[in-house]
Amino acid sequence: MIFQTLEQKRARFAYESVSKVKEEKSEIQKKYSSYVKSSPVMILSNGLANTLAFYLSKMKLKDDTDYKIVLRELENYKNNQPNKFENKSDRIAYAYLYTHISVWLAKKSNDGKGLTEGYDPLKYIIEKADVFKVMQLTQEATALLNWMKRFADAMLEKEKEVEY
């Protein structure tokens with residue numbers, strides 16, 4: 001049996017997540033890379049729940065959305081079936097980012113009090129979490145995003161930087 005630190009587990013999850021995006025079209029990779037880079041600042045400035053809600057709004061799914069619905073729509077997209085993303089790269093990139101953060105938080109934050117795998121972290125924060133749990137989830141999300149930024153920078157296509 002191999003024992004791994006939490007940091008190793010984060011790194012592996014981030015690598016696997018970014019690897020899935022690497023299989024996508026160039027435009028989705030560029031958008032995802034950009035969104036991942038700005039995510040930690042957004043979370044620290046606006047809060048984790050506000051940032052996750054922003055990602056949901058950018059997907060424009062227009063129903064009572066949680067990450068199970070986002071996952072379903074991503075699967076439909078990947079299988080070339082009708083989906084609500086309308087093949088728009090920004091919506092798909094936000095969907096990947098939202099699900100990657102949500103799946104990780106649900107896996108790593110199971111406290112026996114509501115947040116378990118399959119339960120949307122955004123709904124948990126809004127409905128059940130106390131301030132200490134929100135702080136823990138925020139710290140965990142930013143730690144994951146640090147790894148995701150590194151892998152996105154190394155593996156994905158990026159927007160061209162403007163030189164002055």
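The values are calculated or read from the model by the stated rules, or taken from the named source; none is laboratory data. Bear in mind the structure is a predicted one, so any value in this text is a computation, not a measurement. Positions of Cβ are backbone-derived with ideal geometry, glycine not excepted, and every protein chain shown enters the neighbour counts.
The figures follow:
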read-out	value
Lone qualifier among 124, 98 - being at pLDDT 90 or above, part of a helix (DSSP H, G or I) and crowded, with 16+ Cβ neighbours inside 10 Å	98
Qualifying residue in the stretch 140-155 (condition: surrounded by fewer than 16 Cβ atoms within 10 Å (Cβ to Cβ) and either modelled with pLDDT under 85 or farther than 30 Å from residue 25 by Cβ (or both))	no
Selection status of residue 52, surrounded by 17 or more Cβ atoms within 10 Å (Cβ to Cβ), in contact with a helix residue (DSSP H, G or I) (Cβ under 6 Å, 6 or more places away or on another chain) and modelled with pLDDT of 85 or more	yes
Filter pass, residue 8 being free of Cβ contacts under 8 Å to residues at least 24 places away in the same chain, of a type in the set (S, T, N, Q) and in a helix (DSSP H, G or I)	yes
Residue that is nearest to residue 96 (Cα to Cα), among those in the stretch 20-62 that are assigned to a helix (DSSP H, G or I) and basic (Lys, Arg)	20
Single unsatisfied condition, residue 112 versus (1) modelled with pLDDT of 85 or more; (2) more than 22 Å from residue 153 (Cα to Cα); (3) among the small types (Gly, Ala, Ser)	(1)
Given (1) outside any helix (DSSP H, G or I); (2) surrounded by 16 or more Cβ atoms within 10 Å (Cβ to Cβ), number of the condition residue 86 does not satisfy	(2)
Some residue of the stretch 39-61 being closer than 24 Å to residue 160 by Cβ and touching a residue at least 40 places away in the same chain (Cβ under 8 Å)	yes
Neighbours by Cβ (under 9 Å, 6+ apart or cross-chain): first from the stretch 120-144, touching a residue at least 24 places away in the same chain (Cβ under 8 Å) and of a type in the set (S, T, N, Q); second part of a helix (DSSP H, G or I) and surrounded by fewer than 15 Cβ atoms within 10 Å (Cβ to Cβ)	138/44; 142/44
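Here is a yes/no grid of residues against (1) modelled with pLDDT of 95 or more; (2) farther than 19 Å from residue 160 by Cα:
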{"site": "5", "(1), (2)": "no, yes"}
{"site": "9", "(1), (2)": "no, yes"}
{"site": "16", "(1), (2)": "yes, yes"}
{"site": "21", "(1), (2)": "yes, no"}
{"site": "30", "(1), (2)": "yes, no"}
{"site": "34", "(1), (2)": "yes, no"}
